[in-house]
1. Based on Cβ point charges of +1 for Lys and Arg and -1 for Asp and Glu, what charge dipole magnitude is obtained for segment 427-470 about its Cα centre, in debye rounded to the nearest 20?
2. Taking only DSSP H segments of four or more residues, each worth -39500 (n - 2.57), what value at 222 nm results for the chain once the sum is divided by all its residues, to the nearest 500 deg cm²/dmol?
3. Beyond a 22 Å Cα-Cα separation, which of these cross-linked pairs lie in this structure: 593/640; 361/579; 361/673; 28/62?
4. No solvent, one uniform scatterer per C-alpha: report log10 I(q)/I(0) for segment 625-677 via the Debye equation at q = 0.21, 0.23 1/Å, two decimals.
5. With N set to the number of residues, divide the alpha-carbon radius of gyration of segment 462-538 by 2.2 N^0.38 Å and report two decimals.
6. Using the Cα centre of the chain as origin and beta-carbon charges of +1 (Lys, Arg) and -1 (Asp, Glu), tell me which of 376, 50, 645 is placed farthest towards the positive end of the dipole.
7. Could I have the simple spin-label model distance between residue 161 and residue 319, label points 7 Å from Cα toward Cβ, reported in nm to one decimal?
8. Rg to Rh ratio, segment 149-253, alpha-carbon atoms and Kirkwood radius?
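The values are calculated or read from the model by the stated rules, or taken from the named source; none is laboratory data. Predicted model only: the values in this text are computed from it and were never measured. Virtual Cβ from ideal backbone geometry, glycine too; neighbours counted across all protein chains shown. To get the accessible areas, we keep the full protein, side chains included, count just its heavy atoms, and leave off ligands, DNA and RNA. Shrake-Rupley method; radii C 1.70, N 1.55, O 1.52, S 1.80 Å.
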Amino acid sequence: MKQLEITIHNETGLHARPAKTLVNLVKKFKSDIVIWNGEKKANAKSLISVLTLGASKGSQLKFEVNGEDEETAVVEIEAAILSGLGEGEAVHSSQTTPSAQKTESTSTEQKPQKENMLRGVGAAPGIAIGPVFHFKRQEISLDEVSSGLVLDWERLQDALARAREQLENLNQQMIEKGLQAEAAIFDAHLGLLDDPELTDAVQTRIQKGQDALKAWKETIEDNAMVVATLNDPILSARADDLRDVGRRVLKLMVGADDKMDVLPDKPVIVVADELSPSDTVSFNKELVLGFCIVNGGPTSHTAILARALGLPAIVSVNESVLKLENDSYIIVDGSDGSLTFNPSPEELQAAEQQRNQWIEKRRVALEQANVPAITADGHEVEVVGNAGSLTDAEKALKMGAAGIGLLRTEFLFLERTTAPTESEQFDVYRPIAETMGKLPVIVRTLDVGGDKPLPYIEMMREENPFLGERGIRLCLNRPELFRQQLRAILRASAHGNLLIMFPMVGDIEEYRQARKMLDELQTELNIPRVSAGIMIEVPSAALMADVLAKEVDFFSIGTNDLTQYTLAMDRMHPALASKQDGLHPAVLRLIAKTIEGAHKHGKWAGICGELGSDPYAVPILIGLGIDELSVNVPSVPLVKAQIRGLNVSELRNLAQQALECSTALEVRELVKKTLSM
Ligand code: PEP
Ligand code: MG
């Protein structure tokens, strides 16, 4: 047996993400692996067990490894813990950031507060008018169902197998819909279902004579309670996941699968304290007009799903909404986060008119998705999509995108314990290149580091990760990792029209070093020159744009980061979310400088941050001379439709006026007034 004593340095200890990274690593070894935290003992292959160790920063853990691969296991576990176990939030590039919510939802001016109005946060745009339906999950009472129902171990196994099947299907469905975050939730549920600690505990209870139903329910509840009482918000979400999985299996065991939790047979607005992922996907979407949720922010799964389904939703609504009468009519405005109850006939009429306009606007935009984005006075703007997977690319094509303006490659590198090989990467880039054919695909090289480290990369701890070894800085300091990615992209470029883009460039030397490596690899692989551009995300790069433009092939402005760095506001900070506005004149001035710098040297400049799909920003960006807008895929048809209704000759003046405004709000008001929005 091998032993390893090691201290945990992760800021928040072994919470969900690092624990999952550790468990995933440990599972690949045949040896039995036990972890001790003082008196507490855990099976290292069980996520639940590891979480309940309650290991915090500074905890001294002891690993006992026993089996044929114990030597390798100890070495790899030590290396993974020393490198931080992938500590950090889910990659922000694939999340919708608080500022990203503004695109359509918070950009419109807020309605004045009225007595019959409640406020929340707009999470998915659009207007819903309809009766309230208070969704309350039906808990299964064991007293009612378990009398006379003694389920044995095999029948529990059968329910587990069916739950696994359901979750695999849901995971697949979400992937097909391009809902990566939802897919990840169901994937996590699958992991919990297979947790050895859970099944062992249930088996022990059954062996002691408890019926399987009770054994399952009580084991789930005991474990969820332990996880929830660790007093960590991330872990309490895990406890909710555990309960959600528990309910799914329980329903299958009692045969209640199709009979519970259904909506009434008429369209309703679902009002709830909270909704679990399983609740949300179980609704018949034909009967849901919108969502109104007391808990959860704009990045909650209900919000993500509502946006994908095109259903209006508001979240963080005042809890007095729970007291509204069932069936009473309400108006939910997912664009400004308001809820009107007891609406007057005039209010209903106005809301209906607004809703119809919104629906019509979307319908026309979708119908004309393939019509080019040419302004009324003949100026063409390239509208392309942001993608993070092959599914996104396929969807972008259907939505009329003229290419992919930002392919985020992080997804390939996260949630694993070793770096993807060159051929694994090639196998992912190639079908994306083939799908898009002649249309351009701008592949962004790995943009991780700092706040989102990878377990297999050794990194220093950083006080200010957003100002640390991020993006291109990280890749240049790890030439082998970088070379492998560049080689994979270059090889895939033979199968389509790929361009390369480097993130977080702040200095021309960084670009030169990266381009040099690219040139060397092109020669080595005998591949024709591939265009390479940079993201403008750092104020220094925007200010030096005219110098950079002499050497780079193009610019793509990452307004999410450019806003964060210009306004000195953490893009994930909830308290600063409402102030994080890319239409701030300071950000606009940097955008103007970037476009000017590019054009001076005959290069093009695009936008790939969320600002590109903000209907208030589109006219200004075009007025400033932007050549390309790369936007989230569902927004492609809407942005194209908006462009077709604009006159570029009027927008130049508007853009110049915006640069002279004092605040983002002034800019928004200017656009609203000038274009009668
Ligand atoms: C940006 O910063 O605007 C951007 C597009 O990159 P990401 O959101 O992936 O950081
Ligand atoms: Mg960025």
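1. With Lys and Arg at +1 and Asp and Glu at -1, about 260 debye.
2. Here the helix-only value at 222 nm equals -14000 deg cm²/dmol.
3. Where the Cα-Cα span goes over 22 Å, the pairs concerned are 593/640; 361/579.
4. Debye output, listed in q order: -0.94, -1.06.
5. Rounded to two decimals, the normalised Rg is 1.14.
6. Checked the options; the winner is 376.
7. 4.4 nm
8. Taking Rg over the Kirkwood Rh, I get 1.00.
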